[in-house]
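Here the structure comes first, spelled out in C-alpha cells, and everything after it is commentary.
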Amino acid sequence: MISDKQHINLQLDAHSVGLDVPREQEPNYRYAADLLNRRFRYYLKLRPNASAEQLWMYTALEVAVALQSDAREKSLEPIEKTLTEINKQIEKTINQ
C-alpha cells in the first residue's frame, strides 16, 4: 500500500525542516519554502543588521497579510458577481 504522505526536507534559511506531507501537496510545500526564503533574503538586504528572528517576523507578517488579502478578495468574489448581474438587469430594464 502506498502511503498518502511522504517525508520531505525543506531548507528555511539555515534551518532544515522535516515534514510528512500529503503527496499531492508536496509541490506546494516546496513552493512555500522557496517563497519564504526569497522574502527572508529580501528583508535581509533591507535590514542587514536585523536578527534572524526579526527578519522571520517581517517575512511572516508579509505572508500573513498577503494571505488575508487573498482570502478577503475570494470572499467578495460571489458578491461582486451577483452585483454585476444585478447591474446588467437594471441596465437592461432602463434601456427598454
For Leu10, residues with placed amide H under 5 Å, excluding near neighbours: Val17, Gly18, Leu19
Partner aspartates and glutamates for Lys5 [C-alpha distance under 20 Å; skip if fewer than 8 residues away on the same chain]: Asp20, Glu24, Glu26
Given charges at Cβ of Lys, Arg, Asp, Glu: the chain dipole, positive-most of Gln96, Ser16, Ala52: Ala52
Extension gain (nm, one decimal) between Leu12 and Ile90, 0.36 nm per residue minus Cα-Cα: 22.8 nm
Charge sum, other residues only, whose C-beta stays under 15 Å from Leu55's C-beta, Lys/Arg counted +1 and Asp/Glu -1: +2
Mean ellipticity per residue at 222 nm, deg cm²/dmol - from DSSP H runs of n ≥ 4 across the chain, formula -39500 (n - 2.57): -24500 deg cm²/dmol
Cut-off under 5 Å, modelled amide H: who pairs with Lys5 long-range: Arg23
Those lysines that a straight Cα-Cα span of less than 22 Å connects to Lys81, excepting residues fewer than 8 apart in one chain: Lys92
Candidate lysines for bridging to Lys88, where Cα separation is under 26 Å - those fewer than 8 sequence places away on the same chain excluded: Lys74
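Based on the Kirkwood radius over alpha-carbon pairs, what is the Stokes-Einstein translational diffusion coefficient of the chain at 10 °C with 1.306 mPa s viscosity, in µm²/s?
In µm²/s, the coefficient rounds to 93.
Readers should treat all values here as calculations from the given coordinates under stated rules, not as data from a laboratory. Just so we're clear, the structure is a prediction, and the values are computed from it rather than from any experiment. All Cβ positions, even for glycine, are placed from backbone atoms using ideal geometry, and neighbour counts span all protein chains on display.
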